[in-house]
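The values are calculated or read from the model by the stated rules, or taken from the named source; none is laboratory data. Nothing here was measured: the structure is a model prediction, and the numbers come from that model. The accessibility values were calculated without ligands, DNA or RNA, using every heavy atom of the protein model including side chains. Shrake-Rupley method; radii C 1.70, N 1.55, O 1.52, S 1.80 Å.
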Amino acid sequence: MSRVLAVWCPDWPVTAVGIDAATPGAVVAEGRVAACSSAARAAGVRRGQRIRDAQRRCPDLVVRDRDGDAEGRLFERVVEAVAELVPKVEVVRPGLCAVPARGAARFYGGEESLRLLVQDAVVEAGFDCGAGIADGLFAAELAARSGGGGVVVPAGGAAAFLAPYPLSVLDRPELADLLQRLGVRTLGAFAALPSGHVAGRFGADGALAHRLARGEEPRPVAPAPATADLSVREEFDPPAAHAEQVVFAAKRLAAELHEGMAAGGLTCVRLEVTAGFADGGVLRRLWRHDGALSASAVAERVRWQLSARRAPEGAADAVWGGVAWLELAPDQLVPDEGRQEALWGRSTVTERIARAVDRIQALLGHRGVTRPVVTGGRGPGERVARVPVGDLPPAGVPDGPWPGRIEGPAPAVVPPAPRSAAVTDASGETVGVSARCAVSAPPAHVAVAGGRAERVTAWTGPWPVSEYWWAPERARRRARFQVVTAEGHAYLLAVEGGVGMWRPCTSERSGRYGLE
């Protein structure tokens, strides 16, 4: 059993978006909390909660969308700090990396000395972390998460160390739920079950989890020697000056690499990515693979790796020195045990979509296929930008503050062009807003696009916005309302006096409302 040193940075998705541990904050994905700070956990926020439930427990919660690219780029600084002490660093995921501990421990005077040196190096780089050493990566990660900054688990003691942990640490919710209903609640109880019975009852994934619970390697140690060189390489002449050129080539190389391994019935547990630069520098990284990374995921990790060589000034996409060549090499080849295919057809919908996007980009160019990305802005129509598939979100867009920004919930439908709306008070007069944001009268009725007037039961606002005041041709002033009608409809309305200029509407009653 190999000895592994794991370096774990707590709440990394939160750290990557600029929220420190003392600030109650959370990052969200698909409407639920993906990670939160320690201050938020103290207030009752937990992973998996809906945003509204989390905000109910912590009203001051700072919410950010999860940014996978920022997590990968920022974690390069942690990897660099670790690589100064132990060159061969394996990146498991942003927030967790590992290095072989046996040789390094002999060099630095013992495992505890190595653990403290690595931990201090990461802390000096500006990041909180825990470091732990144990037999195997799974036990080493839990050792790094132990209180006090991590521990060293004695050789051969992984099973005893893991025994008290709950089944949730396996990160297999369905398996954990089933085992708990069967009366198995800890890793020790799970490890005590016969291996043959576990494989027969829970399948290949259950058998893998059982090996982890017993403190063993996730796969039997039986690497298959390569019969041929399966690495793939791309030369850039002239050297690629921008990361996007390299990332686009990496996606194609990854597809070739996967095809080569599949032809031999092999897969790899780690992938080595090596980039050579025009100035003679070479940057190597080991990425945990386990046969699960798609071509797009490999290209994404190449982008993160290149971020360590970004130019100190100039375009954000520039790579200092230029990339002369890129090589992807499989590390630790093992027999491919296969995977569950889709019920109808041999590939999943996600894989078919990825292949279709690659083909369309090859025909139409890199910008031929775009995806929506949430950005900063005041109005709901201004918070989405379209970027090519595989590109980073637009840089330089501040996350805030945005004075006059409309808070959630966002409208379910945002028309491509504003639709007209008539807002009147109880006497039938048009409601206006003065230059000082004073409402002429409470809104009583609203009619959208010339339709039937609906009675307003609740309203809030106005939120004034003054934009581009330094550019007369683009300047505009407007105010927004939110109204709810008796029919159960909710509208976000904007009033703007004139084109590009705010006009007081209280006396003239000439405000133009638009449905956003």
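Give me the percent of the accessible area of the range 1-91 that comes from carbon and sulfur atoms, probe 1.4 Å, all protein chains in place.
C and S fraction of accessible area: 46 percent.
Hey, any idea what % of the range 127-281's accessible area is carbon plus sulfur with a 1.4 Å probe?
Accessible surface attributable to carbon and sulfur in the range 127-281 totals 57 percent.
Which whole-number percent gives the relative contact order of the range 127-259, counting Cα pairs below 8 Å spaced six or more residues apart?
Relative contact order for the range 127-259 comes out at 18 percent.
For the range 150-221, count the residues as N, evaluate 2.2 N^0.38 Å, and divide the Cα radius of gyration by that value, please.
Working it through for the range 150-221, the quotient is 1.06.
Before I look further, what does the range 136-259 give for accessible area per residue, probe 1.4 Å, in whole square angstrom?
Here the per-residue accessible area is 52 Å².
Quick one: Cα centre-to-centre distance for the range 141-203 and the range 437-502, in angstrom?
Answer, in whole Å: 57.
So what's the range 106-168 giving for Rg/Rh, alpha carbon basis, Kirkwood Rh from the mean inverse pair distance?
1.00
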